Structures are given as C-alpha cells and as structure tokens.
Amino acid sequence: MRTTTHQPRLLNALLTGICFLLTSTAYLAWTYHIMELAKAPLSDAITLIIGYLFQAAGVGLFSLFTKYRKDQIQISVYIVLGLHMVFMIPAVLSAGLVQAAVFGSIMNLLCGWIAGYYLYRLTTGIKAAHSAMTLGIGYSAAIIISWLLSLIGDGYLYNSWIILIICFVFSMIAALIIRMKPRVEEDALTGSDLPVKSPPAGEKAFRTLLILAVFFILLISMVNSCGFGFPSGDVMNGISLEFSRLFYAAGLLLAGFVNDRNRRHGAICAVIALVVPFIMLAIKGEPVSMMIFWILSYFTFGFYSIYRMILFSDIAREKGLIYLCGFGLFIGRIGDAAGEAVTLTLSGLTIIMIAITATLFMAAVILFFRVYQYIYLPETKMQRSEREIFQHFSERHDLSSREREVLRFLLEEKTNKEIADALSISEGTVKYHIHNLLQKTSCSNRLDLLAAFSAEQDI
C-alpha cells in the first residue's frame, strides 16, 4: 500500500523537521539576544564559535551514549527536550552577557543531542536511497516555517518571551512524534540499497577511510566558513537572516535530490560548491549588496550540510556502527567553528585570508579524491579483484583453458545441460571436465568446489 510504504519517510521527515525547527528557533532567539547584549565581533565569537562547539559536543555525547546505552536512547531524548526548554529560558531572557552565554552554551549542547537523535532515527529507519531527500525535506520545511514566524511583527517574536511558548509547543510535537513507532523501511540498516556501496575493507582500510572522511568534512566546513561567516553585524544593519535562509532550504532540497539519485554526484557538487567562498572573498569590498553574500553562502551550505551528514550516516549504516551516524554533523560543526575563528582573527586581512582558504581548499580537494577512491569506485576494484582471484585459483590448480571455462559456469551455478549448450559440447564432455576439476582441486562435489573458490578470496 502506498501510504504504508511512505510512512517511515514521512514520520522521519516530520521528526527531523520539528527537531530542527525547535533547535534552530532556539538558536536564532539566543543569537538575537546575544546581539542585544554585545557587539560584533564578540557576539560572533559567542554564537558562531562557542555555540557551534557546544552543538558539536552534544552530538558527540549522543554518539557515545548510543554506543554504550542504546536501550535508553528514547528516554534520554525526552529528558533532553525538557532540559532544553529549562536552559532556553535564561539563555534568551538573562540581562547579563555572561549568564546568557553560559546558559545558551548548555542549550546548544542539548541542541546537538537532539540533532544526533534525529540522525540516528534517519539512519536506523530509512533506506539509504531515501535518506538525503528525507533530511532535505525536513530541514527545508523547518526553515520555511522559521521564515514565516519572522514575518509576524517584523521579527518581534524572536525577541520576546512568546518564542518560549512557541518552542514549548515544538517540543511537545517532537515528543509526540518520537512516541510513534513507524515501520522501519526494509534494508534500512543493511545499506544494501546504497546508490554507491563502499567496497569491503579490512579494519586498517576502514580506519584509513574514517580518518580521510573526518578531515575532508572538517576542511570543507572550514573553507565555507572562511569564505563567509554570517557576521552578526550585517543582521544589525538590516540583513534578514530568516529570508536568506530560504536559499539554504533550496540548497538542501537540491542537495537531497542529487545525493539520493547518485552519491558520487552529491560528493562532486559539495566540492564544486567550495569555489563559491573564493568568489565571495574576491568581491568583498566591491559595491555588492551584502544580501548576495548571505544568499550564496546559505545556498552552497545546503550541499555541505546534506553531504557531511549523509556520508557518515551511510558509513554507520553499512558497517553496522550506528554510533557513527552523527559524526558528519559533529566534525562539520567543529569545522564551522574553526573557520569562524580564522575569519574573526584575520578580519580585514583579505590577502592572508585568501591564501589560507586556498590552502585549505587544495587540501580538501586532495582528500576528496582519496575519499572518492575509497567509497565511490568499488565496482572497478571488485571486478579487478575477482579476476585476480579467479586467475590465482586457476593457476594454483593448473586448470586448462576449457576447465576454466567450465569453472566459470559452475560458479554461476549453471546445470550440465546449460554449460554444454553454452560451450557447444556434449553433457558427457562437461561431466569429464567437472571430474577433472574436482580431482585437481581435491573436492568431492560441486558444493565443495564452490566453497574452495570462496575460501580463495580470503587468502
């Protein structure tokens, strides 16, 4: 039935959307409050560096909790939703900067935990081929609702106590959706439907892949933040944060569609988008509307956001290491904060900024090719490996050319008649060659022969 088929995706999109709407609304309200208490660059350092680092810490803590307390994940999220509201109150109402920063940092840590949870649900409940679009739809819907809220009273809600009531309602809706137990999509945890499936790897190769993926995500996040860091000073000068985020929604939807159609293309788009920060660095100081910077940065950020979350979700799903599902966001947020730190430190030093960003960009491209080779070129590797295995097995057992032909058909589980028809020989001749194969390989029957060839792959 069509409704049943789409239920897991619909509920996961709703869960992702309401959780992201809750955390992003709380973050925006906190950001506006910090901007009232402190001017840039101090406000940027608090919201874009400290805030991001605490979000990363929240995702990291959730990952650890998932590894060691998997049976208590759901109850932990209910507790975190409650604590999030408790700490949000002083975070957006405190009259002192220190109090607002401290309570806001704890709130951001809890935001990270919530984000880790919906990525966990996405990884364990949705097939890989649908995950990017599910994530993109959830995020985009949240961004559109956030923009609609900003239209009420010209953004008044974000600067009033009413935002607390709104976030409380979002929290209740999130809790209700979490209580629902949707049917898990078939093969959601196996990764068997991955648009591009990474090749089997030993423990050492897998560790190498993880290290490469971590540094790749770190670098692309830093490059994006170095190009443009969403300075709060622009918001104070009239830039609409919520309106510019609509282009983030567009980027998320497009990135979700591309990644689900083909992971290779999604990865390539994320790297190509790294060119945009250079464009923004180049036109800084020119008579260009600052809104252009915000729109470009948010649109391309959609590609980074989707890809960095989906990359580790795929790895976690395929390898059965579910606690890794949030690592893309964890590393990405650290990269966002690091990029913001570089931007604030080198403010006004455009040439040095371009040089550093170019260096990070080149390093990211080099890592991209390594990651691409490990994950997105498995078919060629597997075909080459299969040929090598067959060649080695045939030479080790001194098989003739005809015996090798018969062996190929046996590996495909063809009958004697099918082999005879394919090779234009009699069934008696086929039996003769099979008898020789069994003798040379010291096997008693076909099953033993197939098992011997399978064992060859482990040599």
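Under the rule a/c < 1.5 gives rounded, and otherwise a/b versus b/c splits prolate from oblate, where does the range 318-459 land using the Cα gyration tensor?
Here the range 318-459 falls in the prolate category.
Give Lys70/Lys127; Lys417/Lys440; Lys127/Lys204; Lys414/Lys440; Lys67/Lys127; Lys319/Lys440 a once-over and call out the pairs whose C-alpha atoms are over 29 Å from each other.
Lys319/Lys440
Between the range 251-275 and the range 1-68, how far is it from one alpha carbon centroid to the other, in angstrom?
Measuring centre to centre over Cα atoms gives 22 Å.
Applying the Karplus parametrisation 6.51 cos²θ - 1.76 cosθ + 1.60 with θ = phi - 60° to the phi angles of the range 413-424, what ³J(HN,Hα) value in whole Hz is obtained for each residue in order, glycine and proline being reported as x?
In residue order, the calculated couplings are 6, 7, 7, 4, 5, 5, 5, 4, 5, 5, 9, 6 Hz.
What is the fewest-to-most order of His265, His84, His33, His397 by other Cβ atoms lying within 10 Å of their Cβ?
The fewest-first ordering by Cβ neighbours comes to His265, His397, His33, His84.
Could you tell me which trypsin sites (Lys or Arg not before Pro) in the range 103-185 are loop residues by DSSP with no more than 12 other beta carbons within 10 angstrom of their beta carbon?
Arg183
Per residue, how much space in cubic angstrom lies within the convex hull of the C-alpha atoms of the range 380-456?
Dividing the Cα hull volume of the range 380-456 by its residues yields 89 Å³.
Test of understanding: ordering Val92, Val86, Val276 by Cβ neighbours within 10 Å, fewest first, what list do you get?
Val86, Val276, Val92
Give the order of Tyr376, Tyr156 when sorted by the count of other beta carbons within 10 angstrom, beginning with the fewest.
Going from least to most buried by this count: Tyr156, Tyr376.
Every number in this text was worked out from the coordinates using simple rules, so none of it is lab data. Quick caveat: nothing in here was measured; it's all calculated off a predicted structure. Counting neighbours? That spans all protein chains shown, and the Cβs are built from the backbone with ideal geometry, glycine included.
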